[in-house]
Each structure stands twice: as C-alpha cells, then as structure tokens.
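Engineer: One structure is given below, represented as structure tokens, and several questions about it will come after.
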Amino acid sequence: MTFKTLLAMVVLLTSALAQVQGTITGTVVDETGKPVAGAKVHIAQKDVLVIHQIVQYHETDDGGHFRISHVPWGTYVVVAGKESAGYPAPVFASFYSNYAMPNVTLAEDFPSADIIVKIGPKAGILDLEPVTDEATGKEIRSASVTLRRAANPDSFLSASTTQGRVFVPAFAEVLIEISAEGYKLWPSPGQAAEGKINLKPEEVRKLRVTLNQDPAVTTSEKK
Amino acid sequence: MGRSADLVAVAVSYDKGNRYGLQTPFSEDLSRLWAGGMWHVDATHNTFITTGNAGSEATAPEVTLFHNGGKSRYRMEKMLSPGQQLWLDVGRAIRDQVPDSDGHTLPPATMTGSYELRDLDHATVGQLYEGKLVIDETYGHAAYGCGSCCGYDAVVLDPSSYGGPPGIDSDDYIYANDTCVGEQVDVTDSGYGWASSDTAVATLPSRTLHTVAVGSATGSTLAKLQWAHPPSCPTQTFGPEQPVTVQKPTITSFDPNPIMIGVSGTSLTINGSGFGTSPTVNLPWGINSTGQGSTDSQIVMQGVSVSFSAKIGSNNVTVTAGSQTSAPASLGINGPNQMVVQSDTIATCVGAPYQCRFVSYTVENYDGTLAANIPIAENISFSGYNCQQANPGSTTAQCNAQYTTDGGGNLTDEWAMYTGFTPAGCGENLTDHWQWCGPTGNNPDPGITFGTLVGYSHTASTDINGFINPPNKIPTGTVFGP
C-alpha cells in the first residue's frame with residue numbers, strides 16, 4: 001500500500017466520520033429570558049428505545065451557552081435544569097417544565113443546530129418528614145411519593161420518600177400519593193383533597209404522613 | 001619523673017659566656033595535650049620549649065608551633081623512651097631554617113606564635129610533661145610560662161538511649177568533649193568494663209549491644225580519661241550509661257493515610273516504635289518504593305508509587321525488625337470505592353412516551369470525599385434475554401474520557417421499562433460494574449470498579465441489587481460497593 005493510498009483512506013475515513021456527527025449548540029434561559037449559567041443540558045434521541053444508558057450532562061458557561069459535539073445524525077429532544085437554583089433535573093423536564101422541549105434534527109444537510117432551551121418556572125418544594133407506620137411508629141424506608149398533575153393524571157413522577165425534599169411543579173394543581181408495600185395508600189380513596197397542593201416557585205410545604213397496614217396484604221403474607 | 005608530689009624536674013641552661021644561668025621548672029602534671037602556650041623570638045628574645053616522657057612506655061610527642069596568625073604550623077615529632085626529653089630551640093629553628101618533621105621551615109621573619117604539645121600515642125591519658133623558657137637578652141630576664149593541659153568532660157555513650165526489637169546487634173560509641181577544641185571526639189577505644197544491667201534483655205560484652213528479649217535494661221561502660229580541670233587535668237574514670245528498651249516493632253500511624261492510588265515518587269512515613277536500625281517494611285500489593293531511611297521510631301519510605309492494581313480501601317502493612325514482625329496496621333489506599341444512592345425515581349423517559357427508572361448516585365472516595373469530575377465507565381453484561389422482539393441493546397460508557405461524574409461526584413443511570421415487548425415481564429438479567437478510569441480517563445482500561453449492580457431489566461420493573469422498582473425504591477443513602 002502506497003503512502004498516497006493510505007492518505008486517501010485516512011481522508012475518506014475522517015470525512016465519513018465527520019458526515020455522521022453533528023453539533024448542537026444553544027443557550028439555556030429562564031422564564032424571564034435570562035441566560036442560566038451552570039445549567040445541565042441533556043439530549044436524548046427521540047423515539048429510540050435504549051434499555052439502559054448513563055445520563056450525560058453538558059454544563060452551560062457563564063453566558064448560559066452550551067455546545068454538544070459528535071452527535072450522530074438523528075432527532076433529539078433537548079432538556080435542561082439546574083437543581084441548585086430550583087429547576088429540577090433535566091431528565092424530569094417533561095413533568096416539571098411549562099415549556100415545550102425543543103426537538104433538533106441533525107442530518108447531512110443540517111449538521112449543526114443552535115437553539116434556545118427555556119426552563120421554568122422554578123419548582124415548589126415538598127418537605128417530607130420520614131413516613132412512619134401508624135401502629136409501630138417506625139420509619140417505612142420503602143415508601144414512595146408519587147406526584148401527578150391534576151390536569152393530566154397520566155403524567156406522574158414517583159420517588160423515594162427518603163429523599164426528604166421533592167420538587168413539585170409550580171403554578172399547577174398536583175396530587176400527592178404516599179404508598180408502600182403492605183400499607184394502605186395515602187390519602188385514602190375519597191379523601192384525595194388531603195393530597196392536593198398548588199405551590200408557588202420555591203414555596204416549601206411540609207408533609208408528615210403515617211401509613212396504616214393493609215390487612216389484606218398482611219393476611220396474604222401470612223399464607 | 002614529674003608526677004604530682006614527686007621531685008620537680010628542672011631544665012638548666014647557660015649562655016655562651018656562662019653569664020646567664022637559667023632554670024625553668026617543668027609542669028607538675030602529665031597530659032596528653034598541652035595547649036595555649038606562647039613563644040617569642042626576636043633580636044633580644046628566644047624561646048625554648050621542651051617536653052618529656054614521664055610514662056613507663058615509649059611514646060611519640062609532637063610539638064607544634066602555630067604562626068602566621070595560626071594559619072601555618074611547624075611540627076616536630078620524635079619517639080621518646082621513658083625519661084627522655086625533647087627540646088626545641090625556636091630561635092635556632094628560625095635562624096638556621098631547620099626543617100620540621102614534614103620538611104617545612106619557619107619563615108625568617110617569624111617572631112611570635114603559640115604552641116601545643118600532644119602525646120600522639122596516648123589520646124586519652126597522656127604521659128607528657130611540659131616546660132618553656134623565654135629569655136630576654138637585653139635585660140637578662142627569663143620568663144617562664146606553660147600551656148594549659150587539655151582534658152575531657154561530658155562523656156557519653158552514643159546512642160544515648162537505644163530502642164529496638166530483639167535480635168539486633170548495634171555498635172556503641174563513647175564521645176567526650178575535648179575542652180581545648182570544644183568538640184565531641186570519639187574516645188571509644190578508652191572504653192572498658194562494658195556491661196548490661198539485665199542480660200536477659202540485652203547484652204553488652206563489648207561495645208556491641210545485642211538485644212535479646214522485650215524489656216528494659218541499662219548499658220554502661222567505663223572510660224579513663226584526663227578530666228578537664230586545668231592545671232592538673234587529673235585522670236578520671238567516667239561511667240556513661242545508656243538506657244536500653246527492647247520492644248516488638250509497633251506501627252502507630254502512617255502519613256499520609258490514606259495514600260492516593262496512582263501516585264508516584266511520593267514519600268510515606270511510618271511512625272511507631274521498635275523499628276531498630278534496618279527494618280523491613282512489608283507493603284501491600286501494588287505499593288512500591290525506591291528506598292527508605294529509618295530511626296527506631298520512624299521509617300520514611302521514598303519514591304513511593306501506588307499502582308492502579310492496588311486495592312482501594314484498607315490494606316495491611318507490617319514491619320519486620322530483627323526477628324520480630326509487627327501486628328498488621330491499616331494503610332488506606334484512597335480512590336473511588338462506593339456509590340451512595342441519592343434518588344430513585346420513575347418518570348416518563350426523555351424523548352419517549354414510556355417509563356424510565358432514573359437512579360442517581362454520588363461516588364465517594366475511600367476517605368469519604370466526593371469523587372468529583374472523575375472519568376467513569378461501565379463494564380456491563382446481560383444474559384437471559386427472553387422477549388420475542390429483537391433486543392434493542394443499551395448504551396454503555398467506555399473508558400474513553402467521554403463520561404465523568406459532575407462537580408458533586410454524581411452520576412445518573414437510566415433504565416427503560418418498555419411495556420410494548422412481549423411476553424409481559426420479559427427482559428434480561430444484568431451485572432453492571434461502575435468503574436473509575438483513572439485520572440486520564442483511559443488509564444487503566446478496564447477501569448477500577450467502585451460499585452456493582454446486579455439484577456434485571458424487565459418491561460415493567462427493574463431490579464437493582466434487590467430493590468425492584470416499582471414499587472420498591474432504593475432508600476436515599478444506600479451504599480453500593482465494588
């Protein structure tokens with residue numbers, strides 16, 4: 001193989017790689033349009049099933065700008081967040097954000113894109129005290145807190161109550177459920193109003209819940 | 001013969017015309033070294049310096065004249081039998097340019113200086129007496145004057161105390177302060193009567209101390225030296241002692257502890273006791289050093305490197321000294337070694353309408369600090385896939401510097417729960433080793449595992465180390481190790 005042949009192959013290979021990878025740049029702004037420095041940005045290929053992946057974040061600079069290189073051709077959803085400032089993690093943007101998540105398509109004719117990612121409003125905060133067993137007073141560490149938007153109950157987020165503080169969408173009616181295996185759901189059916197909240201950004205609502213054991217489950221376990 | 005209380009020896013001299021007859025007494029005492037006397041020679045003065053052997057055996061005295069402000073010396077050395085004397089006519093030595101024992105002469109213009117007399121064969125208890133006469137030919141005066149004898153004080157054993165393990169041989173030294181020169185000098189050869197207070201602990205039959213068993217003892221010796229008490233400098237027997245502590249080597253601490261994995265060319269200090277003079281440090285796998293220096297209570301290892309094959313966490317180190325090996329002591333090797341769950345959340349996947357399980361972890365180092373911004377990867381394997389549809393696969397991080405923890409040491413893992421596959425509840429088993437790729441991101445490859453997840457990924461739930469979600473989430477604070 002001559003040097004020229006080798007060089008030609010390298011050029012072709014480099015060119016081929018360059019053709020299947022693009023760049024997404026953009027700016028993260030808050031609900032007032034102000035750039036957000038130190039925000040985390042995440043892209044996910046739209047409608048592509050991947051069983052498992054590490055969530056990769058890209059941080060914005062002081063001007064709120066980000067740049068993601070070597071992105072294969074495809075259509076991506078771009079999400080952002082900044083937990084330390086009250087904006088939930090990017091991967092939960094579809095539940096918290098009041099704004100549509102931008103879609104970006106990279107292809108041979110559109111190898112790069114520059115977008116604005118709007119985040120907000122800041123979330124309210126549900127400050128959960130440890131969930132306890134009504135009868136024994138012991139903490140139920142396996143308990144979950146599930147948040148649903150009242151306007152769209154199919155949109156939900158379920159986390160461990162041991163987190164303590166959980167972000168709640170602001171300016172929205174949210175239904176709270178506390179559950180644990182072997183226990184009755186809180187609030188009980190017919191008392192859903194107990195678990196309904198509507199918080200302003202950064203407003204903190206404390207919640208202390210005790211769960212009652214579910215006799216049916218207990219009986220079943222005894223078998 | 002010049003000893004104290006004996007008859008005083010007198011030197012007698014007359015001029016050519018027998019006009020002046022002069023006598024000078026010799027010192028009453030004997031010394032190994034006489035120093036500080038002055039001589040003077042010019043047209044009307046001359047100086048005679050003499051010494052004699054008052055001992056019972058031959059010895060070699062040395063007369064040294066210092067001149068030129070002490071920068072130059074004129075040295076005469078001669079073997080004397082018992083009773084013999086040595087005379088030095090300084091005026092004649094200058095006038096006739098008499099060469100000294102090294103072939104040097106005194107410059108003709110030389111007029112004054114100091115002198116010393118030294119017993120070259122008896123460094124500790126000398127047998128020289130001294131006499132000097134200065135003649136004034138103008139007025140016929142004769143001035144006598146002697147140097148001072150030089151003795152010792154502050155006689156000690158070196159080491160002043162000994163601590164070490166059983167089975168060690170260690171040479172002792174005797175040092176004494178020479179009061180004329182103000183320096184500690186080695187007088188070990190004068191030592192005799194070496195002894196140990198407890199030979200079951202340590203023996204000292206000669207200057208070589210031998211440790212026997214754990215315990216305490218006192219080593220001692222005797223040394224006959226001229227005591228620094230001019231003008232007599234009497235012979236004195238000194239008895240310096242040396243506390244001896246024999247103990248098993250013990251490690252009390254390391255500095256630094258923990259030591260960071262991957263370092264090279266650093267030092268590691270081991271503190272403790274009973275290390276003796278040449279301990280052997282038994283290091284764990286992956287730690288090497290290029291050299292070491294030590295005292296009985298401290299070992300400093302130089303050129304220490306900790307390879308990536310070392311084990312992050314607690315490692316045992318021992319020290320062997322003499323015939324004894326210390327109990328193991330824990331030396332931590334620092335590096336990422338555990339994942340702490342921060343949140344376990346189910347929500348809609350990003351970019352897809354089904355549910356995903358997001359688990360966030362903080363990676364912590366062995367010393368409890370956050371492993372911030374470190375390159376990470378996964379060594380993941382799947383098995384037992386039993387869905388009817390083709391396996392969509394997964395994206396895994398490689399040791400290629402592409403993935404890192406964030407500034408808080410966090411990473412987030414995403415598991416899809418796609419209910420469109422059949423039969424319901426199908427999926428595959430998984431074993432996932434989260435790894436650190438070293439500081440460069442690709443060294444080493446494969447990385448060093450800091451957290452292992454075992455379970456399954458099914459269409460309706462995911463099992464991570466026994467926490468099957470839904471419904472059971474991993475409590476915040478749960479720790480997963482390698």
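No value in this document is a laboratory result; all are computed from the given coordinates. Since this is a predicted model, take the numbers as computed values, not measurements. When we count neighbours, we look across all protein chains shown, and the Cβ atoms used for this are built from the backbone with ideal geometry, even at glycine.
Engineer: Using the Cα centre as the reference, give the magnitude of the dipole from point charges on the C-beta atoms of the protein assembly as shown (Lys, Arg: +1; Asp, Glu: -1; all else neutral), rounded to the nearest 20 debye.
Structural biologist: The dipole of the protein assembly as shown has a size of about 1680 debye.
Engineer: A further question on this structure: Using the number of other C-beta atoms within 10 angstrom as an exposure proxy, rank B:HIS210, B:HIS104 with the fewest first.
Structural biologist: B:HIS104, B:HIS210
Engineer: In vacuum, with every alpha carbon of the stretch B:178-328 counted as one equal point scatterer, what does the Debye formula give for log10 I(q)/I(0) at q = 0.12, 0.16 Å⁻¹? Two decimals, please.
Structural biologist: -0.68, -0.89
Engineer: From other protein chains only, count the Cβ atoms within 10 Å of every residue's Cβ in B:467-475, then give the mean.
Structural biologist: Rounded to a whole number, the mean comes out at 6.
Engineer: Strictly over 20 Å apart at the Cα level, which of B:LYS78/B:LYS224; A:LYS184/B:LYS473; A:LYS118/B:LYS473; A:LYS200/B:LYS473; A:LYS34/A:LYS196; B:LYS78/B:LYS132 would you flag in this model?
Structural biologist: Going by Cα-Cα distance, B:LYS78/B:LYS224; A:LYS118/B:LYS473; A:LYS200/B:LYS473; A:LYS34/A:LYS196 fall outside the 20 Å limit.
Engineer: Express in nm, to one decimal, how much length is gained between A:ILE116 and A:SER188 on full extension, taking 0.36 nm for each residue of separation and deducting their alpha carbon distance.
Structural biologist: Contour length minus the Cα-Cα distance gives 21.6 nm.
Engineer: Once you charge only the Cβ atoms, +1 for Lys and Arg and -1 for Asp and Glu, what is the size of the charge dipole of the stretch B:280-415 about its Cα centre, to the nearest 20 debye?
Structural biologist: 220
Engineer: Shifting gears a bit: Which one of B:ASN400, B:CYS387, B:GLY447 is farthest out on the positive end of the charge dipole of chain B, using unit charges on Cβ (Lys, Arg +1; Asp, Glu -1) and the Cα centre as origin?
Structural biologist: Result: B:CYS387.
Engineer: Here's something else I'd like to know. Out of every Cα-Cα pair in the stretch B:337-480, what percent are more than 28 Å apart?
Structural biologist: For the stretch B:337-480, the fraction of Cα-Cα distances above 28 Å is 19 percent.
Engineer: Further question on the same structure: With n ≥ 4 as the cut-off for DSSP H runs, can you work out [θ] at 222 nm for chain B, using -39500 (n - 2.57) per run divided by the number of residues, rounded to the nearest 500?
Structural biologist: Helix-only estimate at 222 nm: -500 deg cm²/dmol.
Engineer: Once you have all Cα-Cα distances for the stretch B:152-246, histogram them in 5 Å bins from zero and send the whole-percent values.
Structural biologist: 3, 15, 26, 21, 13, 10, 7, 3, 1, 0
Engineer: Let me ask something else. Which value, to two decimals, describes the C-alpha radius of gyration of the protein assembly as shown once divided by 2.2 N^0.38 Å?
Structural biologist: This ratio for the protein assembly as shown stands at 1.74.
Engineer: May I pose another question? Arrange B:TRP434, B:TRP227 by Cβ neighbour counts within 10 Å, fewest through most, would you?
Structural biologist: With the fewest neighbours first, B:TRP434, B:TRP227 line up as B:TRP227, B:TRP434.
Engineer: I would also like to ask the following. What trypsin sites (Lys or Arg not before Pro) in the stretch A:96-182 are in a loop by DSSP, with at most 14 other Cβ atoms within 10 Å of the Cβ?
Structural biologist: Filter output for the stretch A:96-182: A:LYS138.
Engineer: Give me B:ARG118, A:ARG67 ranked fewest to most by other Cβ atoms within 10 Å of their Cβ, as a rough exposure proxy.
Structural biologist: A:ARG67, B:ARG118
Engineer: Just round it to a whole percent: the fraction of Cα-Cα distances in chain B exceeding 28 Å.
Structural biologist: Above the 28 Å cut-off, chain B has 70 percent of its Cα pairs.
Engineer: Additional query: How large is the Kirkwood hydrodynamic radius of chain A, counting all unique pairs of alpha carbons, in Å?
Structural biologist: Result for chain A stands at 20.4 Å.
Engineer: What distance in nm lies between label points placed 7 Å from Cα along the C-beta direction at B:VAL214 and A:THR75?
Structural biologist: 7.8
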